[in-house]
Protein chains: 12
Amino acid sequence: MSDHIYKHIQLTGSSTESIEDAVRKAIERAGKTVKNMRWFQVVDTRGHIEDARVMHWQVTIEVGFTLDG
Amino acid sequence: MSDHIYKHIQLTGSSTESIEDAVRKAIERAGKTVKNMRWFQVVDTRGHIEDARVMHWQVTIEVGFTLDG
Amino acid sequence: MSDHIYKHIQLTGSSTESIEDAVRKAIERAGKTVKNMRWFQVVDTRGHIEDARVMHWQVTIEVGFTLDG
Amino acid sequence: MSDHIYKHIQLTGSSTESIEDAVRKAIERAGKTVKNMRWFQVVDTRGHIEDARVMHWQVTIEVGFTLDG
Amino acid sequence: MSDHIYKHIQLTGSSTESIEDAVRKAIERAGKTVKNMRWFQVVDTRGHIEDARVMHWQVTIEVGFTLDG
Amino acid sequence: MSDHIYKHIQLTGSSTESIEDAVRKAIERAGKTVKNMRWFQVVDTRGHIEDARVMHWQVTIEVGFTLDG
Amino acid sequence: MSDHIYKHIQLTGSSTESIEDAVRKAIERAGKTVKNMRWFQVVDTRGHIEDARVMHWQVTIEVGFTLDG
Amino acid sequence: MSDHIYKHIQLTGSSTESIEDAVRKAIERAGKTVKNMRWFQVVDTRGHIEDARVMHWQVTIEVGFTLDG
Amino acid sequence: MSDHIYKHIQLTGSSTESIEDAVRKAIERAGKTVKNMRWFQVVDTRGHIEDARVMHWQVTIEVGFTLDG
Amino acid sequence: MSDHIYKHIQLTGSSTESIEDAVRKAIERAGKTVKNMRWFQVVDTRGHIEDARVMHWQVTIEVGFTLDG
Amino acid sequence: MSDHIYKHIQLTGSSTESIEDAVRKAIERAGKTVKNMRWFQVVDTRGHIEDARVMHWQVTIEVGFTLDG
Amino acid sequence: MSDHIYKHIQLTGSSTESIEDAVRKAIERAGKTVKNMRWFQVVDTRGHIEDARVMHWQVTIEVGFTLDG
């Protein structure tokens, strides 16, 4: 974490399985265009309901990546 | 999400297994009397400890359902 | 919960597996020196990323234990 | 506001026109079943976008009504 | 607190005497129709003033009750 | 915004028409005694209800004015 | 609460007795120079300790008064 | 809202007319370069004052758009 | 308050009587092991309910004490 | 801090040098008309940028002064 | 600040010297690719410790720049 | 930051010079009894005023240290 400059972005991932899986999918998708991601923080956990069952977990994260990596 | 009117309620579910399971149990139980639930948001995640082990996960959620569904 | 006096401490646990596992590890480790822990509340969920993959879940919890237990 | 006991509910109204209109629709709809509503507070203002245009304003309000009115 | 499912409601009580009395009145009044209330949390403390004197204490609480008690 | 010193005040305006009109009325009334007001921020939007209709919009704003203008 | 314009001020009162007494003293003192105070909201409750005993309760309140009363 | 991945951005729009108009202008301008915007949330409402009159409404919104739309 | 270094701890006290009494009990109990406590701040006020009556007030406070007193 | 009654005001100071200098300038300017200021709390730290350089630090503080000093 | 449309970004800068220097470095580095930055707001101030000494100040800022400048 | 378990503590440091110096003094003093401190976060910045001049900067920080270092 030394002396880097970080930029932050916010992402929302979605999963039918779990909170952890929704986070992983958001990071994996972002990795196609964003390099040097280092950390994330969960800022919101939501979901969709149909017939009294959870259909999707939707997790919003803030992600930091180095501008100088 | 078009032009519905939603009412919100708050529920706390409990599980010995996981955060996701506590959410599912709260929604399933509420479904016995509340129809047309559409979304939820996690607002608090707590738990009980005995002998340095987690005994219950207790997750509080806000749930929205349509008044006109 | 009757008429006890509680003291609170904050801990951060870490896991490569899940949010629940990070909480369990923090409580288990604290249990070596702190007795009579009764409840916890999740206050922050973060993690580390390498090559667009989650390497560690880091979960910060507030824990209450009785001073008179 | 004298010495009443109030109960609070949360509602989300929707409008294609304005924030004020979304609030009015939520209160009007709730009035079919809830009597003696006295005040509201706006707690969230959101909306839906299609083709870079606002399609719906969605405003969440907390409403207080007297239990003894 | 074992494995119950809780529902939360918000109430505002009023008293000319004290904060504690306003809370007690809100809970007592709600008890006429709500069973199995278990805990409350104070979320707002306000009051009315006339001629530089406090006329009413108005305290808003969140109350949890079991759906399965 | 250069190198001024600002003092902040809080005001609540009221209108039967709209949120914008309540803000304008608060600022206009304050202008009778406060000079050099430069900016405002909305901090609370509330209102009164009678017979399931909005009677007044009440908007609280923070206003900054220069002490050296 | 009709269509008044309110100005808000923040005060901290102090008492060796109780939270309520600290609020009353702040309002009473402010009443010497401020007319038409209508409501207050508690925003902070603190105190001083000596020899493990509470010496003063210090309560900060926001007070609203009409500019046009 | 199914299983998309969203990215969030923050924008501030400005209008001499109304809060709604400031939101619309921010979204319209962003639409020149950002595709697939789906929702927004108002996070701050401010404005500029000259001669005790509102000159501009400045509204900050968070906007979500799909990365996979 | 001059140039001391303070350490903060969080405590929850309990009382069947009042909020003030719950604070006093927490500070009195902590005084058995912690010296030089100087101030506290109330951070949460909760309680337990049985048969629509408040059984315990539970108040959480943050306490500051000097490391160099 | 004994048994005084405090009034709070909010100020924003500006400096080309540092955060501390912006605070000092706000307090010094306020001292021309406000007596008996005792403490401050930083509530916002902002600044202006030109050509990728910080031109002004703008720091907003809450200041408490005794009404009875 | 007239009638521009702003976009916001979040950055974290690092310095061994001071909070101000960490902010300057973040803005300077962002200036290589972002034009027309106008203001910033400090949202988090952290740092790293080794052998009981501060090694780096890490300051997170929100920066606004005009889309139409 | 790998897979450590952290414990957090809160400290307030004081300085007549600057915010940075108050943080350094708190960490230096804590270092006499706490080993393996790794990071801090500023949570409150306050100060004392006499004769319209800042006498002390008082900065409260949260500090994390490893339990297993």
For the stretch B:31-48, Karplus-derived ³J(HN,Hα) couplings (6.51, -1.76, 1.60; θ = phi - 60°; whole Hz; x for glycine and proline) come out as x, 5, 10, 10, 9, 6, 5, 10, 8, 9, 9, 6, 10, 6, 10, 10, x, 10
Amide H to amide H, which residues 5 or more places from D:Gly47 or on other chains are under 5 Å from it, using H placed in the peptide plane?
D:Gln58, H:Phe40
Theoretical ellipticity at 222 nm over the protein assembly as shown - DSSP helices of four or more residues, -39500 (n - 2.57) apiece, nearest 500
-5500 deg cm²/dmol
Which pairs, out of H:Lys7/K:Lys35; D:Lys35/G:Lys25; I:Lys32/L:Lys32; I:Lys32/L:Lys25; F:Lys32/J:Lys35; B:Lys25/C:Lys25, put more than 30 Å between their alpha-carbon atoms?
D:Lys35/G:Lys25
Over chain H, what is the relative contact order in whole percent, taking alpha-carbon pairs under 8 Å and six or more residues apart?
45 percent
For chain F, longest principal axis from Cα atoms; helix F:19-30 axis from its Cα atoms; angle between them, nearest 10 degrees, is 50 degrees
By counting other Cβ atoms within 10 Å of each Cβ, how are B:Met37, A:Met55 ranked from fewest to most?
A:Met55, B:Met37
Whole-Hz Karplus ³J(HN,Hα) for the stretch B:53-58, in order, using 6.51 cos²θ - 1.76 cosθ + 1.60 and θ = phi - 60°, x for Gly and Pro?
10, 6, 9, 9, 8, 10
For L:Met37, other-chain or 5+-apart residues with amide H closer than 5 Å (H placed, Pro excluded) are K:Ala52
What ³J(HN,Hα) values, in whole Hz, does the Karplus curve 6.51 cos²θ - 1.76 cosθ + 1.60 give for the stretch D:12-17 when θ = phi - 60°, with x put for Gly and Pro?
10, x, 9, 8, 8, 9
Mind running the shape call on the protein assembly as shown? Use the C-alpha gyration tensor, a ≥ b ≥ c as the square roots of the eigenvalues: rounded below 1.5 for a/c, prolate if a/b tops b/c, oblate otherwise.
rounded
re chain G: pairs of Cα atoms spaced beyond 13 Å account for a percent value of 63 percent
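Taken together, the values in this text are just the output of simple stated rules run on the coordinates, not laboratory data. Owing to the predicted nature of the structure, the values given are computational and were not obtained by experimental measurement. Cβ coordinates were reconstructed from backbone atoms using ideal geometry, including for glycine residues, and neighbour counts include every protein chain displayed.
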